[in-house]
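The block underneath contains the structure these notes are about, expressed in structure tokens.
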Amino acid sequence: MGNCFSDVKGGQQAIGGTSAGEGHNDAVDFFFKARGQQPLYTPIQLSLSASKLLDCDITSKSDPMAVVYSKKRDGKLEELGRTEVILNNLNPAWVRKINITYQFETVQTLIFHVYDVDTKYHNVPVKELQLKSQDFLGEASCVVSEIVTKRDRSLTLNIKASHGLKNLGTLIVHAEETAVSRNVVEMTFHCKNLENKDLFSKSDPFLRISRFMEMGGSIPICKTEVVNNNLNPVWKSVSLTMQQFMSKENPLLIECFDFNSSGNHVLIGKLQKSISELETLYRSKAGANLISPSSGLGHHEKGKIFIERYVEKQMYSFLDYISSGFELNFMVSVDFTASNGNPQSPDSLHHIHPLGHLNAYQQAILEVGEVIQFYDSDRRFNAWGFGGRLPNGSVSHCFNLNGSLTDFEVEGVEGIMAAYASALRNVVLAGPTLFGQVITKAAEIAAHSVSCRHAKYYVLLIITDGVITDLQETMDCLVRASDLPLSILVVGVGSADFKAMEILDADNGRRLESSTGRIATRDIVQFVPMRQVLHDGGGSVVQALLEELPSQFLSYVRSRDIIPLNADPANEADS
């Protein structure tokens, strides 16, 4: 990802003030990261209530308090927060919220413990209560994804004893995003008659927009893309959030530069305008002068800037879509080429360990599937293989992993794992490594979903050990698929050279281009080499794989002005 302070990867891509089709904001990301925060994570608040709790008091009713824990990978519990104590109530609705951070790419298990607080501790702050001195009323557990995928973001859980199955009442967990303004202003800028700064060609202009700070100076909040060799450029729309410009009356610094690959960009001209003033320019169809201070000569006009489009709208979050009923449909495709090695050999990437240790393919299926399964209501997943020789002797580059001739769906992540193990017994490893047919199949399913107006987004996981053979065909397929509700996750296993995969990932700021010259609408591929992630200590492979998925989802729905199923279309009208 780029940032506003250095022009990495050529520096010609837009940064920060993205078009409505982009999911993330690099300028904002940079400042979050500089403060040790993760902008892709969503702060949410949990509200808790319970009913029919166990009554542990003799002369009155229980005085309940709830404690919320996060269950770590090693099984240990980390306390996230406690509610207040509600006196004499078996159906409490606690007021105190529990703040947590929702992470899409992680399975976040929550454990809820409910206690009856002894009367003698009622004047003790809840944070200081010794839990072992209180009566335990039971526990419940869930995954955060189970809450946020509900239409009302509320989940009802049975409270049980820690050592048995006895029902000890119910706990209702409700999640809300921490309140932030979702107001967004989307504008299209156009300049006319810019001063030319190049000798043998025309300037390559771009705009940078900054917000003034109270302590002095300015902070850049977006940069348009570069329009090459043009003194009358029209840039793609930029979207600025209320968090970026703070108030419609705050002045913004708008600078127009001539791009230079050296990074020494030449200022053409600048001006100061608030969002309100830019809106006035749009409505009056008037232009504003770009000026450049010249020592001793006053200010000189360097061209005019116009606002061709101005829209105020709501920018919905990933959770807004998911909780309104949008689903993520998981698909998986497994590499059955001979370079994986004979599955009977312990050295094979496909070897099924007799003691149950997962091979790289099983690990990738299980980890990614465990996260995405909560976003698919029926949990029926498409599963294919490629590069294998089928029982009839033919080599297929898109065959049903479960062996069926007609049905490529399996039940749950367990169904994928079982189909994979079965295929290893019935399919002979062959080759070469071709992605084209699998991607085309996934794209056909996504296209059919669009035609039926389904609220679905598809996620195809491709696990491979080899060097891709049909690179250009794959690029052509990806460019065509970039218009569809589809993201593709590629996991590289083994020790092969995966440089070609980096091309497909397009993280260098340049979108894929097909053999006919068509540019991809958006980036839909995320590639992760499993060996490198584990070696570098970069954390979980699944986290590295899924970190871009929410923004890819948002880039699709926003580029098509798709709003959540329960949203008011009236809020989306142009100003």
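When ILE307, ILE445 are compared by accessible area of protein heavy atoms, the largest-first order is ILE445, ILE307, using a 1.4 Å probe.
Sort largest first and round to whole Å: the equivalent ellipsoid semi-axes of the range 132-263, each the square root of five times a Cα gyration tensor eigenvalue.
Semi-axes from the Cα gyration tensor: 56, 17, 14 Å.
Summarising the overall dimensions of the range 417-470 from its C-alpha atoms, the Rg and Dmax are 14.4, 39 angstrom. Of the residues GLN437, ASN566, LEU271, the one whose Cα sits farthest toward the positive end of the charge dipole of the chain, with +1 on the Cβ of Lys and Arg and -1 on the Cβ of Asp and Glu, is LEU271.
Extension gain for GLU301-SER345 works out to 8.4 nm (0.36 nm per residue, less the C-alpha to C-alpha distance).
Please give the Cα centre distance for the range 55-92 versus the range 438-469, rounded to the nearest Å. What the calculation gives is 44 Å, centre to centre. If you bin all the Cα-Cα distances of the range 322-461 at 5 Å, starting from zero, the percentages per bin are 2, 10, 20, 22, 20, 13, 7, 4, 2, 0. Per residue, the chain exposes 46 Å² of solvent-accessible protein surface, assessed with a 1.4 angstrom probe and all protein chains in place.
Mean silhouette area of the chain, derived from the convex hull of its C-alpha atoms and averaged over all directions, reads 32.7 nm². Packing, as the average of other Cβ atoms within 10 Å across residues, places the peptides 484-497, 277-290 in the order 484-497, 277-290, highest first.
Using only alpha carbons, build the gyration tensor for the range 380-420 and give me the equivalent ellipsoid semi-axes, biggest first, whole Å.
Values for the range 380-420, descending: 19, 9, 8 Å.
Determine the dipole magnitude for the chain: charges of +1 sit on the beta-carbon of Lys and Arg, -1 on that of Asp and Glu, nothing else is charged, the reference point is the Cα centre, and the result goes in debye to the nearest 20.
680
Our estimate of slack between GLN243 and ARG73, defined as 0.36 nm per intervening residue step minus the Cα-Cα distance, is 57.7 nm. Please tell me the relative contact order of the range 100-168 in percent, rounded to the nearest whole number, where contacts are Cα pairs under 8 Å and at least six residues apart. It comes to 32 percent, rounded to a whole number.
Here is how the number arises for the chain: DSSP H runs of 4 or more residues each give -39500 (n - 2.57), the sum is divided by the residue count, and the result at 222 nm is -6000 deg cm²/dmol. Fully extending the segment from VAL467 to VAL126 would add 117.0 nm, taking 0.36 nm per residue of separation and subtracting the current Cα-Cα distance. Our coupling estimate for the range 128-135, obtained by passing each phi through the Karplus curve with A = 6.51, B = -1.76, C = 1.60 and θ = phi - 60°, is 9, 5, 7, 5, 5, 8, 9, 7 Hz, Gly and Pro reported as x. Mean sequence separation of contacting Cα pairs (under 8 Å, at least six apart), scaled by the length of the chain, corresponds to a relative contact order of 13 percent. For the range 64-120, the convex hull drawn through the C-alpha positions has a volume of 96 cubic angstrom per residue.
Note on the chain: antiparallel DSSP beta bridges, both residues inside, total approximately 80 percent of the bridges counted. Counting only lysines at least 8 places from LYS166 when in the same chain, those with an alpha carbon closer than 25 Å to its own are LYS52, LYS61, LYS71, LYS76, LYS132. Placing dummy labels 7 Å off each Cα toward the beta-carbon, the span from SER276 to SER133 is 5.7 nm. Over 20 Å apart: what share of the alpha carbon pairs of the range 211-267 falls there, rounded to a whole percent? Result for the distance tail: 37 percent.
For the range 156-310, which whole percent of the accessible surface, found with a 1.4 angstrom probe, sits on carbon and sulfur atoms? Display every interim value, and only then the final one.
Values: 3970 of 7770 Å².
Whole-percent figure for carbon plus sulfur exposure: 51.
For the range 173-253, the dipole from Cβ point charges (+1 on Lys and Arg, -1 on Asp and Glu) about the Cα centre works out to 240 debye, to the nearest 20. Taking all protein chains in place and a 1.4 Å probe, what share, in percent, of the accessible surface of the range 397-452 do carbon and sulfur account for? Here it works out to 57 percent. Using all pairs of distinct alpha-carbon atoms, the Kirkwood hydrodynamic radius of the range 231-317 works out to 14.7 angstrom. The Rg/Rh ratio of the range 323-405, with both radii computed over alpha carbons and Rh defined as the Kirkwood radius, is 1.04. Across the range 340-394, the relative contact order, built from alpha-carbon pairs under 8 Å that are at least six residues apart, equals 15 percent.
The values are calculated or read from the model by the stated rules, or taken from the named source; none is laboratory data. Everything quoted here is computed from the prediction, not taken from an experiment. Every residue, glycine as well, gets a Cβ built from its backbone with ideal geometry; the counts of neighbours run over all protein chains shown. In case anyone asks, the SASA skips ligands and DNA or RNA and just uses the protein heavy atoms, side chains included. Shrake-Rupley method; radii C 1.70, N 1.55, O 1.52, S 1.80 Å.
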